[in-house]
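In what follows, a structure is listed as structure tokens, so that the remarks can point back to it.
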């Protein structure tokens, strides 16, 4: 699956070079804190950005996309892209954890890290492991059981082996 992921992100980058990005037509954009009010007061988020939390979130752009999916950090400029459908229909606790995960990627982007390094499988990528660790730590804090954590980590694009490697890397019991 990493090859498909890499091709998708290359195509998305190619579209961004066009005068009008067809993937962004009809998308709404806003500033993170205008939509996710008081998120700068969340301790898990403060643990990611430290003293710069309010500044970062006050400048972070969010794009609400018509595309199906979840959310991701745009590798071109570091803004957050969120599927409207996921935001409206997804499990609210999982959306919250995904926000923690993606905000870790925002920080990584700001630090100049390669978010989509194709030399790693998705579950072995250091940036993914770090982001999942933040999400897992917060999931435990809000009361997720190990079983619920396993369900949260398991995605449709992961093989059983991928899932086991990720769970092990972020200390979630199998």
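Worth a mention:
- Subset of the range 51-73 [free of Cβ contacts under 8 Å to residues at least 40 places away in the same chain and closer than 24 Å to residue 117 by Cα]: 61, 62, 63, 68, 69, 70, 71, 72
- The set of residues in the range 78-94 that are in contact with a strand residue (DSSP E or B) (Cβ under 8 Å, 6 or more places away or on another chain) and either surrounded by fewer than 20 Cβ atoms within 10 Å (Cβ to Cβ) or in a helix (DSSP H, G or I) (or both) comprises 79, 83, 84, 86, 87.
- Complete set of residues in the range 95-118 that are under 10 Å from the mean Cα position of the chain (by Cα) and either surrounded by fewer than 15 Cβ atoms within 10 Å (Cβ to Cβ) or free of Cβ contacts under 8 Å to residues at least 40 places away in the same chain (or both): 95, 98, 101, 102, 105
- Taken as a whole, the condition of being surrounded by 13 or more Cβ atoms within 10 Å (Cβ to Cβ), modelled with pLDDT of 95 or more and within 22 Å of residue 116 (Cα to Cα) applies to residue 48.
- In this structure, residue 144 does not satisfy being modelled with pLDDT under 95 and surrounded by 18 or more Cβ atoms within 10 Å (Cβ to Cβ).
- Scanning the range 155-174 for residues that are part of a helix (DSSP H, G or I) and surrounded by fewer than 13 Cβ atoms within 10 Å (Cβ to Cβ) gives 160, 161, 168.
- Selected residue (only one of 152, 134 is under 16 Å from residue 95 (Cβ atoms), surrounded by 15 or more Cβ atoms within 10 Å (Cβ to Cβ) and in contact (Cβ under 8 Å) with a residue 60 or more places away in the chain): 134
The values are calculated or read from the model by the stated rules, or taken from the named source; none is laboratory data. In this text the structure is predicted, and so the values were computed from the model without any measurement. All Cβ positions, even for glycine, are placed from backbone atoms using ideal geometry, and neighbour counts span all protein chains on display.
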